[in-house]
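Below is one structure; the comments refer to it alone.
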Amino acid sequence: DAKTTQPPSMDCAEGRAANLPCNHSTISGNEYVYWYRQIHSQGPQYIIHGLKNNETNEMASLIITEDRKSSTLILPHATLRDTAVYYCIVKSAGSARQLTFGSGTQLTVLP
Amino acid sequence: EAEVAQSPRYKITEKSQAVAFWCDPISGHATLYWYRQILGQGPELLVQFQDESVVDDSQLPKDRFSAERLKGVDSTLKIQPAELGDSAMYLCASSRDLYNEQFFGPGTRLTVL
């Protein structure tokens, strides 16, 4: 599975959009981009995943560049409860392999 | 909403003692995972089950760790004997099958003194 690069930390003002970048320049054609987050002292929580089209659900939007080498997770109206470590993970379609977590981005939503 | 259950939530033990953690996955989920998360790092897989069979235990320290899922439902992870370096959060996750998104439990925080 391709490796990912994320900034170690970001701040965002409450009520504003939080845009979390992820670089996955070695991604291959059958690899999906997954996003999970982990609020302090809790288990990771699945957010969203996508292959090449932009995806949106009730939690977030995922924007994947046309060349698929990077993506952005967007939390449209960040709240204090969105403060967490956000993990971007690349995983092959049809792969039974486990999720490989990196260090993630610590997002702090400021009041 | 269905959740993955884990117990205990916290465990303090002395080195050389045995400890066990329990996980009950979301009903109907065939795949179950145990991860270990050291403070400040991302979770790392220890063992993965499909029903009652082990799919991947390549990262499980088999000299002291064991895991079972006898009836293909709930699972137990055991450490015997515990060492100081085993202090970590132990996370259980489940998924509908090998290819779908994983749902994590709240974890068991182990402290070895």
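The values are calculated or read from the model by the stated rules, or taken from the named source; none is laboratory data. Keep in mind the model is a prediction, meaning the values are calculated, not measured. Cβ placement follows ideal geometry from the backbone for every residue including glycine, while neighbour counts extend to all protein chains displayed. Side chains are part of the model used for accessible areas, which takes the heavy atoms of the whole protein and leaves out ligands, DNA and RNA. Shrake-Rupley method; radii C 1.70, N 1.55, O 1.52, S 1.80 Å.
Structure above, values below:
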{"item": "A:VAL85 at pLDDT 95 or above and touching an Asp or Glu at 6+ places or on another chain (Cβ under 7 Å)", "result": "no"}
{"item": "Only one of B:GLY40, B:GLY85 that is in a helix (DSSP H, G or I) and closer than 30 Å to A:GLN106 by Cα", "result": "B:GLY85"}
{"item": "Residue in the range A:49-57 that is among the hydroxyl-bearing types (Ser, Thr, Tyr) and closer than 30 Å to B:TYR10 by Cα present", "result": "no"}
{"item": "Whichever residue in the range B:87-109 is of a type in the set (A, V, I, L, M) and more than 7 Å from every other protein chain (Cβ to nearest Cβ) and, among such residues, is nearest to A:SER41 (Cα to Cα)", "result": "B:MET89"}
{"item": "Test for A:TYR32: is it of a type in the set (Phe, Trp, Tyr) and open to solvent by 50 Å² or more (accessible area, probe 1.4 Å)", "result": "yes"}
{"item": "The range B:76-104, residues that are over 17 Å from B:THR31 (Cβ atoms) and touching a Phe, Trp or Tyr at 6+ places or on another chain (Cβ under 6 Å)", "result": "B:ILE79, B:TYR90"}
{"item": "Condition check for B:GLY107: open to solvent by less than 70 Å² (accessible area, probe 1.4 Å), of a type in the set (Gly, Ala, Ser), closer than 27 Å to B:LYS15 by Cα and touching a residue at least 60 places away in the same chain (Cβ under 8 Å)", "result": "yes"}
{"item": "Filter result for the condition that a residue is at pLDDT 95 or above and either among the aromatic types (Phe, Trp, Tyr) or open to solvent by less than 50 Å² (accessible area, probe 1.4 Å) (or both), over A:THR56, A:THR108", "result": "A:THR108"}
{"item": "Of the criteria (1) within 13 Å of chain A (Cβ to nearest Cβ); (2) among the hydrophobic types (A, V, I, L, M, F, W, C); (3) crowded, with 19+ Cβ neighbours inside 10 Å, which one B:ILE26 fails", "result": "(3)"}
{"item": "Unique residue being surrounded by fewer than 16 Cβ atoms within 10 Å (Cβ to Cβ), of a type in the set (A, V, I, L, M) and modelled with pLDDT of 95 or more when the list is B:LEU70, B:LEU77, B:LEU84, B:LEU91", "result": "B:LEU84"}
{"item": "Qualifying residue in the range B:2-11 (condition: in a loop (DSSP other than H, G, I, E, B), open to solvent by 80 Å² or more (accessible area, probe 1.4 Å), among the acidic types (Asp, Glu) and closer than 18 Å to B:ASN100 by Cα)", "result": "yes"}
{"item": "Complete set of residues in the range A:35-53 that are loosely packed, with under 12 Cβ neighbours inside 10 Å and within 14 Å of another protein chain (Cβ to nearest Cβ)", "result": "A:HIS40, A:SER41"}
